[in-house]
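Novice: Sharing a structure, written as structure tokens. Questions coming.
The values are calculated or read from the model by the stated rules, or taken from the named source; none is laboratory data. The structure presented is a predicted model; accordingly, all values stated were derived computationally and were not measured. We place every Cβ from the backbone using ideal geometry, glycine too, and count neighbours over all the protein chains shown.
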Amino acid sequence: MSFRTTTSIDYVENVSPGSGALPPRAWYASSDSTSLSLNGNWCFRLSATADAEDDSFAEEGYDAGDWAEVSVPGHWVLQGHGAPIYTNHLYPFPVDPPRVPTENPTGDHLRFFDLPSDWPSDGGVVLRFDGVESCARVWLNGTDIGEFKGSRLPHEFAVGHLLKPSGNVLAVRVHQWSAGSYLEDQDQWWLPGIFRDVTLLHRPAGGVLDFFVHASYDHVTGEGTLRVDSDVDGRVTLPALDIDVATGETATVAVRPWTAEVPHLYDGVLATEGERVPLRIGFRTVELADGLIKVNGKAVLFKGVNRHEWHPEKGRALDLETMREDVLLMKRHNINAVRTSHYPPHPAFLDLCDEYGLWVIDECDLETHGFTEQAWRDNPVDNERWTPALLDRAARMVERDKNHPSVVIWSLGNEAGTGRGLTAMAEWIRGRDGSRLIHYEGDINCRDTDMYARMYADHAEVERIGRGLDGGSLKRRHLPFILCEYGHAMGNGPGGIADYQRLFESYDRIQGGFIWEWIDHGIKDERYGFAYGGDFGEELHDGNFVCDGLLFPDRTPSPGLVEYKKVIEPVRMAGEGADGTVRVTNAYDFADLSALAFEWSYQVDGETVETGALTVPALGPGESAEVKLPTPPADAHGAETQWTVRAVLAAGTAWAPQGHEVAWTQIPVDERPLARMVQSDGPVLGGRRITLGPASFDARTGALNTIGGVDVTGPRLDVWRAPTDNDNGAHWQPDERYGLLWRKLGLHRMRHRLNAVELGDDALTVRTRVAPAAWEVGLRTVYRWTSDGTRLRLTVSVAPEGDWTLPLPRLGIRLGLSGSADRVKWFGGGPGEGYPDTKSASRVARWDSTVDALQTPYVRPQENGARADVRWAEIGGLRVEGDPSFWFTARRWTTEQLDAAEHLTDLAPGDTVWVNLDHGQQGIGSQSCGPGALPQYQLRAAPAEFSFVFSEIHG
Ligand code: GAL
Ligand code: MG
């Protein structure tokens, strides 16, 4: 015998997308119909299971007096009820589709509302949910109006017949887990709740229902063709183009096309008998032609990012200003494309993309990645039972977003294996909208897609693909290629993106890529600053893999974003100082250079001595010109000199002010003369001290103690760095993961054996062997100190012994200065950090900073903050000149403390500022998900010699 509880919860585990909702349609704002936002504070009750409570709460007159409150849009787990869970691809519940656990956090939500007094009495009313995770059942005034799944997709219900002028009760029961969860296994936090807007829309009689704007551009004739298909007949007007046609009719006139670079939109109106809907129309044509993705007849190069919706306090409940901030930050960093990984974003984001200009790959809310653990057995995308749910998702995306010119590609989803369901989605989409291309990375043979897409392919493979040597199906061989994900921006990095960009620009077939990803999904947290996976006691989690963005969680750009901006700059400039010319190339696909002003400046030892305007012709896309630089300002002999040329906005745009820098280059003229020092003094032994010029050493150990009045701890050889996420690599990476191997070898616990302290006539020489316990490998290290009476020169010679099979993390010296050494000035690369394969954006100049501001706050602490190509630096009363230039790092904690820290809050400043002066740094790469550092950026253990000249700064 079996019993049923009063509330049937079958719908939760049903593969059906739901029942009761209206057919999907375009998302638009009406200009003259009324609406009521139901966002705000809702009454809230959390239950541990889907059926713990019956549905009486939905009835009128229910007393919710003892309920909590949550704000909608929002996630209850970020508002003190339950906790978020982070997994990358593992389902945080047993894989038993379509069943979900009995422990199924269920949030009952109640909203009481009156209709505004001017709410029209005619027509109908639609209740719209823009996003609820993961499954909701809805009652209005006690009537069950339906249930739905598809978290990041809109659902609408006709509710006019149920509404009252006042005292309405909207009840929404939201289940964290449902059959839909199997389709939503994206790499992100699991965050249940009503996380997008809830709106009541008045629908006037004779109002607009759904409509489809078809606005193409013929690049041969320069004409645009407009046709608006509408469920309800009406007229379409575009005053600027003198268009006034009936819906369904075509108008062809000369237009300015829409592109991401020049996003020209025409304002128009769709008017039916009962309603006027504003239109923002962009004319553009997307096609696959000559094996390339073309817009308006031209191949485009995507300089993209993958964007998840994220806010450190609100999760995926983003307000309009945050969305706008994302778009502005993208535009200001030369980004021209966004893949909405891995679900359709809040629809307002796409309005912004239309307006400011970004190419969009709109991706469906579909991922079944966890099935990979069982060789994709029972994958929903290959099981007919689920196909209606997949088609529902495809339709909800396409219908909602079809009128956005920015959307040029539909993506079926992400990491869902392969199967008939995906093919059905592609067929449906093609039938509904033949005007865009289709993407899906998992379709390796491109059966259903219009482009070959991969993620994290290494440089060599991308090059093979560019050359057409990658084989593949016949269809694939004729298709263009994109890297839908690359440059994994986890922690310090990504490294090697300039090398990718060179490949993208060398092969037509490669149409660019999308960095993974836009923003770290760190959660603001009192305990940790920002929390990541595991910080909420999850039984399964993937740690800080959720923090892999170009922005920190609070939207501060990381060095990775600054690097990306430089790598993808739309103007290429290069020159030879001796020629006095700069070659300028327009790397836009559509725009000429007329929006930019060019400036030159001339630096002597890093200080700008003169600046001026540079006249550059308004080159068309792809065109280049040699532009003569002025005669260099007065002879600065004995100094290092260079040109800096910048391209800035000539006038303010919608996304940045006049003068905003778009591109730059530096052209060296005279090289830096190396620090010469004529040795004069010799070391003198006196008791327990040796003095040499301004310095004093410990006679027994040969350790430097002071330079003039400056106390110095150390200095000695240092090869360790707190491994970066990219050093550590992901556990599935097939190749060597140096972060782990270094630790195994013991590079973090090197011993310094003293072999000799030798007082020569002209030098103090200290001979050591630096090596880890247990192994035969070591670094024979000789410190040779000389002085000219006021300055002190250290030459370090390093000779590896034994069989070194690994690169070194770093090679240089570390020294400690007093904690008051809190400011740094330097001449070299800046203002931000740079490593061998991440220093495109490092600009040679004079910089200054506090020690605190040199730190890059990676959410999980790790090596950071090196300044590249430093000629000299001044800190704590000391000046250090490098021969050759060096990498400079200073921090208030040791590398060992940095290494041990798991959150920024673990780092406590000590009494010493630790300074690393490095001759070499290992490259960064992107092995946290992708290839490691390319060979040319590896720091091999090899004989090396480098010098520093120290002097005390007086005054
Ligand atoms: C990809 C996936 C992304 C993310 C990334 C690693 O495989 O599509 O969602 O998991 O790897 O951060
Ligand atoms: Mg995944």
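Novice: Looking at the range 73-122 only, could you name the residues that are surrounded by fewer than 19 Cβ atoms within 10 Å (Cβ to Cβ), of a type in the set (Val, Ile, Thr) and more than 16 Å from ligand 2 (Cβ to nearest atom)?
Specialist: 102, the sole residue that qualifies.
Novice: Name the residue, out of 938, 921, that is within 25 Å of residue 712 (Cβ to Cβ), among the polar types (S, T, N, Q), more than 16 Å from ligand 2 (Cβ to nearest atom) and assigned by TED's automatic domain parsing to the domain that holds residue 820.
Specialist: One residue alone meets the criteria, 921.
Novice: Among the residues of the range 201-212, are any touching a Phe, Trp or Tyr at 6+ places or on another chain (Cβ under 6 Å) and farther than 30 Å from residue 591 by Cβ?
Specialist: Scanning the range 201-212, I find no residue that is touching a Phe, Trp or Tyr at 6+ places or on another chain (Cβ under 6 Å) and farther than 30 Å from residue 591 by Cβ, so the answer is no.
Novice: Evaluate the range 748-763: report whether one residue or more is of a type in the set (S, T, N, Q), part of a strand (DSSP E or B) and crowded, with 18+ Cβ neighbours inside 10 Å.
Specialist: Among the residues of the range 748-763, not one is of a type in the set (S, T, N, Q), part of a strand (DSSP E or B) and crowded, with 18+ Cβ neighbours inside 10 Å, which makes the answer no.
Novice: Does at least one position in the range 671-685 carry a residue that is buried (at least 17 other Cβ atoms within 10 Å of the Cβ), among the hydrophobic types (A, V, I, L, M, F, W, C) and either in a loop (DSSP other than H, G, I, E, B) or in the same structural domain as residue 592 (by TED's automatic domain parsing) (or both)?
Specialist: yes
Residue-by-condition table, conditions (1) over 32 Å from the mean Cα position of the chain (by Cα); (2) within 30 Å of residue 380 (Cβ to Cβ); (3) in a strand (DSSP E or B):
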{"residue": "182", "(1), (2), (3)": "no, yes, no"}
{"residue": "186", "(1), (2), (3)": "no, yes, no"}
{"residue": "205", "(1), (2), (3)": "yes, no, no"}
{"residue": "224", "(1), (2), (3)": "yes, no, yes"}
{"residue": "229", "(1), (2), (3)": "yes, no, yes"}
{"residue": "232", "(1), (2), (3)": "yes, no, no"}
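Novice: Every residue in the range 266-322 that is under 18 Å from the mean Cα position of the chain (by Cα) and in a strand (DSSP E or B), please.
Specialist: If the condition is that a residue be under 18 Å from the mean Cα position of the chain (by Cα) and in a strand (DSSP E or B), then 302, 303, 304, 305, 306, 311, 315 are the ones that fit.
Novice: Can you find, within the range 616-656, the residue that is surrounded by the fewest Cβ atoms within 10 Å (Cβ to Cβ) among those that are within 32 Å of the chain's Cα centre (by Cα) and among the hydroxyl-bearing types (Ser, Thr, Tyr)?
Specialist: 624
Novice: OK, next. Just give me the residues in the range 546-562 being small (Gly, Ala, Ser) and either away from ligand 1 (no atom under 16 Å from the Cβ) or not in a helix (DSSP H, G or I) (or both), in sequence order.
Specialist: 549, 558
Novice: Take the residues in the range 191-201 that are crowded, with 24+ Cβ neighbours inside 10 Å and outside any loop (DSSP other than H, G, I, E, B), then tell me which one is farthest from ligand 2 (Cβ to nearest atom).
Specialist: Filtering the range 191-201 for residues that are crowded, with 24+ Cβ neighbours inside 10 Å and outside any loop (DSSP other than H, G, I, E, B), the one farthest from ligand 2 (Cβ to nearest atom) comes out as 198.
Novice: Report, by residue number, each residue of the range 376-400 that is away from ligand 2 (no atom under 16 Å from the Cβ), surrounded by fewer than 23 Cβ atoms within 10 Å (Cβ to Cβ) and not basic (Lys, Arg).
Specialist: Result: 378, 382, 383, 384, 387, 388, 391, 392, 395, 399.
Novice: Taking residue 479, is it over 21 Å from the mean Cα position of the chain (by Cα), within 16 Å of ligand 1 (Cβ to nearest atom) and modelled with pLDDT of 95 or more?
Specialist: No.
Novice: Continuing with this model, one more query. Test each condition in (1) without any contact (Cβ under 8 Å) to a residue 12 or more places away in the chain; (2) on the phi < 0 side of the Ramachandran plot for residue 61 and report the one that comes out false.
Specialist: (2)
Novice: Only one residue in 290, 267 is surrounded by fewer than 20 Cβ atoms within 10 Å (Cβ to Cβ), among the charged types (D, E, K, R) and more than 30 Å from residue 569 (Cα to Cα). Which one?
Specialist: Working: 290 fails: more than 30 Å from residue 569 (Cα to Cα).
Selected residue: 267, the only one of 290, 267 that is surrounded by fewer than 20 Cβ atoms within 10 Å (Cβ to Cβ), among the charged types (D, E, K, R) and more than 30 Å from residue 569 (Cα to Cα).
Novice: Continuing with this model, one more query. Would you point out the residue of the range 410-428, among those that are away from ligand 1 (no atom under 16 Å from the Cβ) and crowded, with 24+ Cβ neighbours inside 10 Å, that is farthest from the chain's Cα centre (by Cα)?
Specialist: 421
Novice: If you take the residues in the range 354-373 that are assigned to a strand (DSSP E or B) and of a type in the set (A, V, I, L, M, F, W, C), which one is farthest from ligand 2 (Cβ to nearest atom)?
Specialist: Taking the range 354-373 and keeping what is assigned to a strand (DSSP E or B), we get 359-363, 367.
Now narrow it down to the ones that are of a type in the set (A, V, I, L, M, F, W, C): 359-361.
Values: 359: 23, 360: 20, 361: 16 Å.
Once the filter is applied, the top-ranked residue is 359.
Novice: Against the definition (surrounded by 18 or more Cβ atoms within 10 Å (Cβ to Cβ), among the hydrophobic types (A, V, I, L, M, F, W, C) and more than 21 Å from residue 589 (Cβ to Cβ)), how does residue 335 come out, yes or no?
Specialist: It is false that residue 335 is surrounded by 18 or more Cβ atoms within 10 Å (Cβ to Cβ), among the hydrophobic types (A, V, I, L, M, F, W, C) and more than 21 Å from residue 589 (Cβ to Cβ).
Novice: Of the numbered conditions (1) buried (at least 17 other Cβ atoms within 10 Å of the Cβ); (2) on the phi < 0 side of the Ramachandran plot, residue 491 satisfies every one except a single condition; which is it?
Specialist: The one condition residue 491 does not meet is (2).
Novice: Return yes when residue 118 is acidic (Asp, Glu), away from ligand 1 (no atom under 16 Å from the Cβ) and part of a strand (DSSP E or B) and no when it is not.
Specialist: Here the answer is no, as residue 118 does not meet what is asked.
Novice: Take the conditions in contact with a Pro (Cβ under 7 Å, 6 or more places away or on another chain) and touching a residue at least 12 places away in the same chain (Cβ under 8 Å) and apply them to residue 134. Does it pass?
Specialist: yes
Novice: Identify, by number, the condition in (1) surrounded by 19 or more Cβ atoms within 10 Å (Cβ to Cβ); (2) assigned to a loop (DSSP other than H, G, I, E, B); (3) polar (S, T, N, Q) that residue 726 doesn't meet.
Specialist: Condition (2) is where residue 726 drops out.
Novice: Here's something else I'd like to know. Output the number of residues of the range 411-434 satisfying the condition of being acidic (Asp, Glu) and either more than 16 Å from ligand 2 (Cβ to nearest atom) or not assigned by TED's automatic domain parsing to the domain that holds residue 484 (or both).
Specialist: Counting residues in the range 411-434 that are acidic (Asp, Glu) and either more than 16 Å from ligand 2 (Cβ to nearest atom) or not assigned by TED's automatic domain parsing to the domain that holds residue 484 (or both) gives 2.
Novice: Being within 19 Å of residue 37 (Cβ to Cβ) and in a loop (DSSP other than H, G, I, E, B), is that true of even one residue in the range 128-139?
Specialist: yes
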